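> Here it is, the structure in full.
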Amino acid sequence: MANQVKVFEYGGCSTCRKALKFLDARRVPYRKIAIVEAPPSKTELKKMLVFLGGDIKRLFNTSGVEYRTRKMSEKLPKMSEEQAIAQLAGCGKLIKRPFVLTDKAGLVGFKEEEWKRIFK
C-alpha cells in the first residue's frame, strides 16, 4: 500500500464520512485534509486527472451549489484544462469529494467497489 494516503474531505459530507469509515474499518492510515480550507494543489489536481484518464469534469462537484452558482456547466466546456485546474485549486467546494490521492492511485467520490480495488 502507498506510503501516504491523503483524503481531502468536508466534515458536513455524508459521503466523506462513509469513505473515512471504510478506511478505518480496513485500518488504512491516512491524512485527513479539510478540502474547503486547504484544497488540493494544481499539482495534485493534475495527478488526479491522470488517474481519471484526463476527464476534467470528473474532478468537479457537479451537484454542488458552488458549481451551479458559478454556472460551471456552461463555462467548463469553453475552458482550457489549465483554467479548469485553476478554478478547482482556488475553491475546494468545486471539487468532487472525497478526493483521495495515494502514490499509485486516485479516487473521487465514494464507490465502494472502486475503493475495494485500491484498499484491499
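We did not get these values from a lab; they are worked out from the coordinates using the rules stated. All values reported here derive from a predicted model rather than from experimental measurement. Heads up, the Cβs are rebuilt from the backbone with ideal geometry, glycines too, and the neighbour counts pull from every protein chain shown.
> Multiply the residue gap between Ile118 and Thr15 by 0.36 nm, knock off their C-alpha separation, and tell me the result in nm, one decimal place.
Gain on stretching Ile118 to Thr15: 35.3 nm.
> Cα centroids of the stretch 93-114 and the stretch 48-69: how far apart, whole angstrom?
Cα centroid of the stretch 93-114 versus Cα centroid of the stretch 48-69: 11 Å apart.
> How much length is gained if the chain between Lys57 and Lys32 is pulled fully straight, taking 0.36 nm per residue apart and subtracting their Cα-Cα distance, in nm to one decimal?
Extending this stretch completely gives an extra 6.6 nm.
> Here's something else I'd like to know. Restricting to the chain, what percent of DSSP beta bridges are antiparallel, rounded to 5? Write out the running numbers ahead of the final one.
Numbers: 7 of 11 bridges.
Roughly 65 percent of the beta bridges in the chain run antiparallel, per DSSP.
> Here's a follow-up. Rank these for me by crowding, Val65, Val5, going from fewest to most other beta carbons within 10 Å.
Least crowded to most crowded, the residues run Val65, Val5.
> Follow-up. Given Lys75/Lys111; Lys57/Lys93; Lys42/Lys111; Lys42/Lys104, which pairs have Cα atoms separated by over 21 Å? Please list the in-between numbers first.
On the way: Lys75/Lys111 27 Å; Lys57/Lys93 14 Å; Lys42/Lys111 24 Å; Lys42/Lys104 18 Å.
Where the Cα-Cα span goes over 21 Å, the pairs concerned are Lys75/Lys111; Lys42/Lys111.
> Now, a different point. Dipole of the stretch 6-118 (Lys/Arg Cβ +1, Asp/Glu Cβ -1, origin at the Cα centre): which of Ala19, Gly106, Pro39 lies farthest to the positive side?
It is Ala19, whose Cα lies furthest towards the positive end.
> Within the chain, which cysteines find no other Cys whose Cβ is under 4.7 angstrom from their own?
So, Cys91.
> Once you keep just the Cα pairs under 8 angstrom separated by 6 or more residues, what percentage relative contact order results for the stretch 6-118? Show your work: numbers first, answer last.
On the way: 140 pairs, mean separation 40.6, N = 113.
Relative contact order here is 36 percent.
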